[in-house]
1. Have a look at 309, 305, 299, 284 and point out the one that is among the hydrophobic types (A, V, I, L, M, F, W, C) and either at pLDDT below 95 or not assigned by TED's automatic domain parsing to the domain that holds residue 376 (or both).
2. Hey, can you tell me all the residues within segment 1-33 that are over 23 Å from residue 221 (Cα atoms) and either of a type outside the set (A, V, I, L, M, F, W, C) or over 24 Å from the mean Cα position of the chain (by Cα) (or both)?
3. Any residue in segment 108-124 that's within 16 Å of residue 90 (Cβ to Cβ) and without any contact (Cβ under 8 Å) to a residue 40 or more places away in the chain: show its pairings with residues that are outside any helix (DSSP H, G or I) and not aromatic (Phe, Trp, Tyr) at Cβ separation under 7 Å, as long as the two are six or more apart or on different chains.
4. Taking segment 53-89 only, how many residues are in a helix (DSSP H, G or I), buried (at least 16 other Cβ atoms within 10 Å of the Cβ) and of a type in the set (D, E, K, R)?
5. Search segment 90-115 for residues being out of contact with any strand residue (DSSP E or B) (no Cβ under 7 Å at 6 or more places or on another chain) and assigned to a loop (DSSP other than H, G, I, E, B), and hand back the single one that is surrounded by the most Cβ atoms within 10 Å (Cβ to Cβ).
6. Mind listing just one residue for me: the one in segment 356-382 that is at pLDDT below 85 and hydroxyl-bearing (Ser, Thr, Tyr) and, of those, farthest from residue 409 (Cα to Cα)?
7. Could you go through segment 450-470 and let me know if any residue there is surrounded by 21 or more Cβ atoms within 10 Å (Cβ to Cβ), in the same structural domain as residue 275 (by TED's automatic domain parsing), under 23 Å from the mean Cα position of the chain (by Cα) and in a helix (DSSP H, G or I).
Amino acid sequence: MSTSTSIIIFGISGDLAQRKLIPALFNLYQKGRLNGDFQIIGFAGRAWSDEDLCNAARSGIEKYADYKIDETAWHKFSDRLFYHAGNFQDEASFQRLALMLAQIENGSAYRLFYLATPPDFFTHIITNLGKTGQVEENGGWRRVVIEKPFGTDLESARSLNREIRQVLREDQIYRIDHYLGKETVQNIMIARFANTIFEPVWNRNYIDNVQITVAETVGLEQRAGYYDKVGVVRDMFQNHLLQLLSLIAMEPPASHKADDQRDEKVKVLKAIRKIPFDQVGLHAVRGQYQGYQAEEGVAPNTQTATYAAIRFYIDNWRWQGVPFYLRSGKRLKEKMSEIVVQFKRPPHRMFPLPDEYEFTSNTLTLCLQPDEGIHLKFETKVPDTSADTRSVDLEYHYRDVFGEKAIPEAYERLLLDGLHGDASLFTRSDRNELAWELLDPILSAWESPDGPPLAIYEPGSWGPTEAEALLDRDSYKWMRGCGNHPSK
């Protein structure tokens with residue numbers, strides 16, 4: 001950042017800005033990665049002053065960040081914080097913002113606009129930025145970061161894309177999925193394409209199935225107003241889980257450039273077999289934890305799913321016939337995210353073992369959180385036996401190699417990439433719409449009066465028994481690769 005740069009955060013008084021954005025920006029500054037002439041302008045409806053914003057920012061860092069505050073750095077950083085009170089739907093508020101920016105920047109500057117607001121305000125903000133000329137690139141680049149959810153179905157996503165493209169070019173739009181900013185998610189491509197031992201066996205000839213789990217122990221946490229309208233599929237599958245599937249299944253991109261990577265992810269989504277409306281019950285399970293309907297802010301008799309498990313197939317040369325099982329839910333037994341790649345058993349048992357003896361499948365597990373690392377499970381001979389085997393793990397843990405504080409917050413990487421114009425970890429419009437094409441039939445079937453029933457599961461369990469049956473029909477079990485045991 002060698003010239004003046006303005007970072008404008010809409011919704012600066014909200015939870016996301018206080019928990020994630022401000023702590024991430026300050027830590028980037030402490031690390032020397034946010035340097036040069038920059039300023040951060042917060043836009044919200046509260047009658048705050050610059051000092052109020054500084055106090056709120058400091059409070060958020062102290063409460064939510066896991067790093068030590070350098071007081072000298074904080075004093076310099078806080079001098080760059082400015083507050084603008086306004087209404088997201090009021091053009092006059094944006095005209096005043098334009099005047100404020102002109103005074104602060106005192107010349108040409110780059111601008112990164114960050115929409116940390118509810119989605120109802122996205123088009124209002126972008127339209128008003130366009131009306132007031134603030135996204136015209138006559139004084140430097142202009143980029144707009146948009147938080148999820150980006151639509152609630154295919155129709156709304158297409159409509160939102162059409163509206164914002166009336167103001168912005170596609171290369172100015174940075175649709176954020178914070179999951180892609182996680183170090184362990186970025187490491188999926190490194191594990192696959194920087195190690196020649198994996199790619200030769202990364203296909204249907206050797207892999208039996210793939211399981212992707214993102215489990216939460218928490219419930220709604222004051223998010224009932226949002227969550228009860230969207231449910232687990234819109235909240236987690238459309239972005240996070242399908243992103244993970246794409247990273248596991250994609251072909252090697254031609255380069256590390258953003259469009260080369262995103263092209264390969266799009267090809268995966270195009271190849272995923274769509275689940276017909278009348279077959280959703282065969283491939284997908286929805287559940288709701290016991291007690292959800294008694295939560296404050298939840299609609300009476302709501303059918304919102306807090307758990308889902310879906311089986312997908314990818315109809316291409318590499319993955320034909322290999323099931324991909326995706327599951328996510330709230331109030332589950334453990335908080336964890338992992339990808340288990342289960343390989344096929346040896347085709348021939350040559351050792352002197354009983355007829356009923358079966359080798360345990362090799363598994364490669366990418367442990368995304370909380371115990372970040374990689375586990376490779378393989379068979380070894382038990383000493384003092386003729387040929388008995390036991391499964392053992394080769395393990396790599398981030399904290400053992402790089403230390404306890406090695407993994408930065410995802411928003412640090414994403415904010416820095418947005419400032420540098422690297423869109424690799426942001427979502428393109430075609431990918432977003434393809435994901436909705438896959439999920440819309442499932443959601444429609446679930447919301448239909450004749451749709452598959454909603455299963456109830458106990459909080460603290462691994463979800464409804466129907467999710468176990470989904471894999472039982474294929475003679476599989478849900479695996480805990482990092483825990484090295486089934487999750488039943």
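The values are calculated or read from the model by the stated rules, or taken from the named source; none is laboratory data. None of these values were measured; they are calculated from a predicted model. So basically every Cβ, Gly included, is an ideal-geometry build from the backbone, and we count neighbours across all protein chains shown.
1. Going through 309, 305, 299, 284 in turn, the sole match is 299.
2. Selection gives 1, 2, 3, 4, 5, 6, 27, 29, 30, 31, 32, 33.
3. Note: pairs meeting the criteria are 124/89.
4. Number of matching residues: 1.
5. 90
6. 357
7. Yes, some residue in segment 450-470 is surrounded by 21 or more Cβ atoms within 10 Å (Cβ to Cβ), in the same structural domain as residue 275 (by TED's automatic domain parsing), under 23 Å from the mean Cα position of the chain (by Cα) and in a helix (DSSP H, G or I).
For every residue, the table says whether it meets (1) surrounded by 15 or more Cβ atoms within 10 Å (Cβ to Cβ); (2) in a loop (DSSP other than H, G, I, E, B); (3) assigned by TED's automatic domain parsing to the domain that holds residue 459; (4) not aliphatic (A, V, I, L, M).
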residue	(1), (2), (3), (4)
360	no, yes, yes, yes
371	yes, yes, yes, yes
375	yes, no, yes, yes
380	no, no, yes, yes
387	no, yes, yes, no
